[in-house]
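Okay, structure first, notes after.
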Protein chains: 2
Amino acid sequence: MDAAEFRRRGKEMVDYVADYLENIEKRQVYPDVEPGYLRSLIPEEAPEEAESYEDVVKDIERVIMPGVTHWHSPYFYAYFPTAHSFPAMLADMLCGAIGCIGFSWAASPACTELETVMLDWLGKMLKLPEDFLAGTEGRGGGVIQGTASEATLIALLAARSKIVKLIQADHPDRSETDIISKLVAYSSDQAHSSVERAGLIGGVRMKKMPTDSKFSVRGAALQKVLEEDRAAGLIPFFFCATLGTTPSCAFDCITELGPICNAEKIWMHIDAAYAGSAFICPEFRPLLNGVEFADSFNFNPHKWLLVNFDCSAMWVKKRSDIIGAFKMEPLYLKHDHQESGNQSHWQIPLGRRFRSLKMWFVFRMYGLKGLQAYIRKHVGLAKEFETLVRADQRFEISADVVLGLVCFRFKGSNELNETLLKRINRARKIHLVPCQLAGKFVLRFAVCARTTESRHVQEAWSHISHLASELLQELPH
Amino acid sequence: MDAAEFRRRGKEMVDYVADYLENIEKRQVYPDVEPGYLRSLIPEEAPEEAESYEDVVKDIERVIMPGVTHWHSPYFYAYFPTAHSFPAMLADMLCGAIGCIGFSWAASPACTELETVMLDWLGKMLKLPEDFLAGTEGRGGGVIQGTASEATLIALLAARSKIVKLIQADHPDRSETDIISKLVAYSSDQAHSSVERAGLIGGVRMKKMPTDSKFSVRGAALQKVLEEDRAAGLIPFFFCATLGTTPSCAFDCITELGPICNAEKIWMHIDAAYAGSAFICPEFRPLLNGVEFADSFNFNPHKWLLVNFDCSAMWVKKRSDIIGAFKMEPLYLKHDHQESGNQSHWQIPLGRRFRSLKMWFVFRMYGLKGLQAYIRKHVGLAKEFETLVRADQRFEISADVVLGLVCFRFKGSNELNETLLKRINRARKIHLVPCQLAGKFVLRFAVCARTTESRHVQEAWSHISHLASELLQELPH
């Protein structure tokens, strides 16, 4: 395919994409296929000879679409949102065309520099403390990671490296492995599975802290376990706080936890993967109070800020803490402007795409006000759903509705709720996933799609309510 | 921006991309900017109000392009290639539109399943041993990682987890940290910096093996160090072999190393990041002989197989080795078809894009023959450059030219070669990076762009030769 054909096919693809998104409501949100469906639909080997573009495109509807879960359907209420917007898609086209690999400043200066500035823009939108911004002379700054999992892992590894150096400065005879064997990290018992995984990868103990009735970790709980662990000869070094947990969007109490971490020289990382986007609104910014105590902070614009996956924004107060943990510089990566830095020292992969273009397009074409309006609309829809649930005596709300997630359940057994969820998902009209809160099986209703409107939420509730009635009628009285 | 405007702007962007690529030769391959150039060209904060698309687009040429290193210019000969093709870009548009996050089968069955089948297609193109394929009943299989760095890390962590379990089975009293403190991993002294980094992250010793005159690790060298290390009480557990090293595209002797690793129960991972694409050609497939001894194998279709970044293909013989090391399954990720598997257990991030679409489009629209022709063309261009260098008595070839990379230098001091490289890169006509081979400063000429033709290679050589003459004339006789 040459550039001339690309002009034609690219425009056809733009229309296909626009058609897909304009008509996504008409597609069944969750597919009917069974595991293994795809293999039999396509050949067992790649073709020897080139096929025509027509043949490939025909197969999108035949092979791919029947197996797609439509995350951008307004009937999709599962997991958390993944961001999607036209400006981000346009920027991604440009990113693909430039196709640079930004592993050093010299490898593409624009890629390194736009990222630094975009993370400053975003940090200012969130009113992050100055310490986290790069500016022209700051010691902090931001980086785009692929996912929050990577950000947590990077923070944990940087903290591990820092504590090892700190202890070895006083005790040069203690080996790294000996120190690591005594380290202990902490997170909420509500934290995402990736936090536990970061501990596993880093080869350190990870303890899950109990949470209060609001599913938040409190200062007293941390204080208690720290005392016990220090008494047992362990070395506390890392606390991963969550703002907006995956099960219920709960918030660890960082105003209590932060001062303890600072006093005890424990690295505090904040994972606000979902909730972070909301902090651009003044009314939600108080949820981030206490960030001034953190060493690193992360959230995913690719979840709720209209920047397509992948774009996980991470900031640190001291760049040197992270860079020191990973820096490697073989000759083929050295260049004249070595000192001008690059974010590949802050991440697991060396290569990186020009992802900041998406942020630049989205921030400019929505403007801060447009982004705030988008967040507020989703929160409003969640509140609307909450009101509908509360008006139905058969149901209860299982956790405070703070942002775009509603956790709810039948007043009744877990089994009953499991059955209800199964029926909802088997009906294929809407798609939800569950969570467990204080031993209870709970349904999560997350406002996800950019095009979700009040009528969809109303429709979703009347569907759930109908299935609930059916189910209750079947029960023996 | 609504779908209607996206139709218009998307088509404009397709034309911009086509124009950019059709005229890329006219752009200076390496930019003139100094570090920090970008910050002063744009505002310090994101706009409050939305800006128009015209305003954003205007800034591409004003802000971005002056700072881009044009990796797809036929005058770019630095690093290794990064893949770029029109079919891949079209597939990426579709991927962005679907915008699913494939972290489980249920999250988008097509995403999980197409990936499994595409890795089988690709494995068959490379004639990988059956063990590495998933098929319908295989124990092996492939996964798309972001980069080779991640593949190496995942392999090392899986090997670490496996050896710990193995030792604990016999010695239940030995702690994990005690075992890890004795582990030792190996790689070539020519291996990529990411291999050393994987050891650092995994918290294990990483020893660099000496290489022979062809920059290859040989069996005898490994045998020797294993004996020493076992005698010292260490536990060898992982060897990362490189096929196609970054400095000189050298090949570790895996037919010698593999049997030793197998006999000693050492996990052998093969990193063929660049060279792997060539193995689809029968004439280069012998370079992969010995892969049958490996536990895991990785190469980057995003380097040399026309699939845009990121797409690093990794295969393992036993999926359970990898999955066992990482699996975590909270309730919000459970679903009816739990057993049908997903690749997110094989990687660091949980979220993943629908990257296999790119492979599907590229493999079908080029066909195996088209892909082979592409590889052969690049190798031919490298041989052409080698011939030009060899015909000039002032220069020498520093390593065997096996694929698309030529390592060459002035017969003379390192200083002289450094000066030559500086002048080449400052002239901005072509772009190269250096490497170090056996203490010598060497220039690397890697055939990179899809559109590089014989005339560009000829032009590049006459330019280098001219700069060389100038430099030599300035020297005192």
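For segment A:81-100, which residues drop by 30 square angstrom or more in accessible area between the chain on its own and all protein chains together (1.4 Å probe)?
Listed by number, the residues meeting the 30 Å² cut-off are A:Phe86, A:Met89, A:Leu90, A:Met93, A:Leu94, A:Gly96, A:Ala97, A:Ile98, A:Gly99.
Which percentage, to the nearest 5, of the DSSP beta bridges contained in chain B is antiparallel?
55
What gaps in nm, shortest first, separate A:Gln458 from its twins in the other copies when you place the label 7 Å past Cα toward the beta carbon?
Those separations, rounded to one decimal, come out as 7.3 nm.
According to the Kirkwood expression over distinct Cα-Cα pairs, how big is the hydrodynamic radius of the protein assembly as shown, in Å?
Across the protein assembly as shown, the inverse of the average 1/r is 28.8 Å.
Roll a 1.4 Å probe over the protein heavy atoms and report the accessible area of B:Tyr374 in Å², nearest 10.
In the full protein context, B:Tyr374 sits at about 30 Å².
Mind giving me the FRET efficiency for A:Glu283 and A:Glu415? R0 is 35 Å, r the Cβ-Cβ distance, nearest 0.05 is fine.
After rounding, the FRET efficiency stands at 0.35.
Provide the packing ranking of A:116-123, B:175-182, A:411-418, i.e. peptides ordered by the mean count of other C-beta atoms within 10 Å per residue, highest first. Please list the in-between numbers first.
On the way: A:116-123: 24.2, B:175-182: 17.8, A:411-418: 14.1.
The most tightly packed comes first, giving A:116-123, B:175-182, A:411-418.
Considering only Cα-Cα distances, which of the following residue pairs are longer than 20 Å: A:Lys162/A:Lys317; A:Lys182/A:Lys265; A:Lys303/A:Lys369; A:Lys182/A:Lys318?
On the way: A:Lys162/A:Lys317 14 Å; A:Lys182/A:Lys265 15 Å; A:Lys303/A:Lys369 18 Å; A:Lys182/A:Lys318 25 Å.
Checking Cα-Cα distances, A:Lys182/A:Lys318 exceed 20 Å.
Counting only other chains, and only Cβ atoms inside 10 Å, what mean value do you get across the residues of B:175-181?
4
Taking 2.2 N^0.38 Å as the expected size of a compact globular protein, what ratio does the Cα radius of gyration of segment A:49-121 give against it, to two decimals?
My calculation over the Cα atoms of segment A:49-121 gives 1.60.
Just by accessible area at a 1.4 angstrom probe, what is the order of A:Glu130, A:Glu49 from largest to smallest?
Values: A:Glu130 140, A:Glu49 105 Å².
Greatest to least solvent exposure: A:Glu130, A:Glu49.
For segment B:354-417, give the magnitude of the charge dipole about the Cα centre (Cβ charges: +1 Lys/Arg, -1 Asp/Glu; no others), in debye to the nearest 20. Don't skip to the end; give the middle numbers.
Values: 11 positive and 6 negative charges, 99 e Å.
Charge dipole of segment B:354-417: 480 debye, to the nearest 20.
Kindly list the residues of segment A:88-131 that lie in the label zone of A:Glu137, defined by a backbone N under 17 Å from the point 7 Å along the Cα-to-C-beta vector.
Backbone N within reach: A:130-131.
Sum -39500 (n - 2.57) across every DSSP H segment of at least 4 residues in the protein assembly as shown, then divide by the residue count to get the 222 nm mean residue ellipticity, nearest 500.
Roughly -13500 deg cm²/dmol at 222 nm, from the helical runs in the protein assembly as shown.
To the nearest 10 Å², what's A:Lys165's accessible area with a 1.4 Å probe?
It works out to around 110 Å².
Would you kindly work out, in nm and rounded to one decimal, the distances from the label point of A:Glu44 to those of the same position in each other copy, ordered shortest first, with label points 7 Å along Cα-to-Cβ?
Listed shortest first, these distances are 6.6 nm.
Please provide three numbers in whole Å: the alpha-carbon extents of segment A:100-353 along the principal axes, with the largest listed first.
Answer, in whole Å and largest first: 51, 51, 29 Å.
For peptide A:121-130, how many partner chain Cβ atoms fall within 10 Å of a residue's Cβ, on average?
That average works out to 1.
Once the principal axes of the Cα atoms of segment B:339-456 are found, what is the range along each, listed largest first in whole angstroms?
So the three principal-axis extents are 62, 33, 27 Å.
Can you send over the carbon and sulfur percentage of the accessible area for the protein assembly as shown, probe radius 1.4 Å, protein chains only?
So the carbon and sulfur contribution to the accessible surface is 51 percent.
If you take every DSSP beta bridge fully contained in the protein assembly as shown, what fraction is antiparallel? Give it as a percent rounded to 5.
Here the share of antiparallel DSSP bridges comes out near 55 percent.
What is the projected area of the convex hull of the Cα atoms of segment B:213-301, averaged over all directions, in nm²?
With every direction weighted equally, the projected area is 5.9 nm².
What are the radius of gyration and Dmax of segment A:1-78, computed over its Cα atoms and given in Å?
In Å, with Rg to one decimal and Dmax whole: 15.1, 43.
So if R0 is 35 Å, what FRET efficiency would B:Asp55 and A:Ala4 give, r being the distance between their Cβ atoms, rounded to the nearest 0.05?
Details: r = 29 Å, r/R0 = 0.84.
That gives a FRET efficiency of 0.75.
Under a no-solvent Debye model with one identical scatterer per Cα of segment A:409-459, what's log10 I(q)/I(0) at q = 0.15, 0.21 Å⁻¹?
So the normalised log intensities are -0.46, -0.81.
Only counting protein heavy atoms at a 1.4 Å probe, give the residues of segment B:427-476, ordered by number, whose accessible area falls by 10 Å² or more when the other protein chains are present relative to the chain alone.
B:Val433, B:Pro434, B:Cys435, B:Gln436, B:Phe441
Over the heavy atoms of B:Thr451, what accessible area does a 1.4 Å probe trace out, to the nearest 10 Å²?
Ignoring ligands and nucleic acids, B:Thr451 comes out at about 60 Å².
Quick one: label points 7 angstrom along Cα→Cβ at A:Arg426, distances to the other copies in nm, smallest first?
Nearest to farthest, the other copies are at 7.5 nm.
Taking +1 at the Cβ of each Lys and Arg and -1 at the Cβ of each Asp and Glu, which of B:Gly412, B:Val402, B:Leu437 sits farthest along the dipole of segment B:399-465 towards its positive end, judged by Cα position relative to the Cα centre?
Going by the charge dipole, the pick is B:Gly412.
Once you compute Rg and the Kirkwood Rh from C-alpha atoms, what is the Rg to Rh ratio for chain B?
In chain B, Rg relative to Rh is 0.99.
State the answer as a single residue: which of B:Phe297, B:Ala169, B:Gly244 lies farthest towards the positive end of the charge dipole of segment B:100-353, with beta carbon charges of +1 for Lys and Arg and -1 for Asp and Glu, about the Cα centre.
Checking the options against the dipole of segment B:100-353, the answer is B:Gly244.
In Å² (nearest 100), what accessible area is buried between A and B, both sides summed, heavy protein atoms only, 1.4 Å probe?
Buried area (both sides, nearest 100 Å²): 12800 Å².
Say the dipole of segment B:100-353 comes from +1 at the beta carbon of Lys and Arg and -1 at that of Asp and Glu; which of B:Ala220, B:Ile201, B:Met125 then lies farthest toward its positive end?
B:Ile201
Is the C-alpha gyration tensor of segment A:214-367 telling us rounded, prolate or oblate? Criteria: a/c under 1.5 is rounded; beyond that, a/b larger than b/c is prolate, otherwise oblate. Write down the numbers at each step before the final one.
Working: a/c = 2.58, a/b = 1.25, b/c = 2.06.
Oblate.
Can you tell me the relative contact order of chain A? Whole percent, Cα pairs under 8 Å, sequence separation 6 or more.
22
Treating only the Cβ of Lys, Arg, Asp and Glu as charged (+1, +1, -1, -1), what charge dipole size does chain A show about its Cα centre? Round to the nearest 20 debye. Can you show the working numbers first?
Working: 55 positive and 59 negative charges, 239 e Å.
Roughly 1140 debye for chain A.
Run the dipole for the protein assembly as shown about the Cα centre, Lys and Arg Cβ at +1, Asp and Glu Cβ at -1, nothing else charged, and hand back the magnitude in debye, nearest 20.
500
Tell me, what is the FRET efficiency for A:Glu12 and A:Ser320 to the nearest 0.05, using R0 = 56 angstrom and their Cβ-Cβ distance as r?
Working: r = 50 Å, r/R0 = 0.89.
Efficiency computed from Cβ-Cβ geometry: 0.70.
Heavy-atom accessible area per residue, segment A:100-353, 1.4 Å probe: how many Å²?
30
Hey, can you rank B:383-393, B:88-98 by average C-beta count inside 10 Å, highest first?
Peptide ranking by packing, descending: B:88-98, B:383-393.
Using Cα-Cα distances under 8 Å and only pairs 6 or more residues apart, what relative contact order does segment B:100-353 have, in percent?
26
Considering every residue in A:35-41, what mean count of other chain Cβ atoms within 10 Å of its Cβ is obtained?
Taking the mean over all residues of the peptide, I get 6.
The values are calculated or read from the model by the stated rules, or taken from the named source; none is laboratory data. Keep in mind the model is a prediction, meaning the values are calculated, not measured. Positions of Cβ are backbone-derived with ideal geometry, glycine not excepted, and every protein chain shown enters the neighbour counts. Ligands, DNA and RNA are stripped out before the accessible areas are found, and what is left, the full protein with its side chains, is counted by its heavy atoms. Shrake-Rupley method; radii C 1.70, N 1.55, O 1.52, S 1.80 Å.
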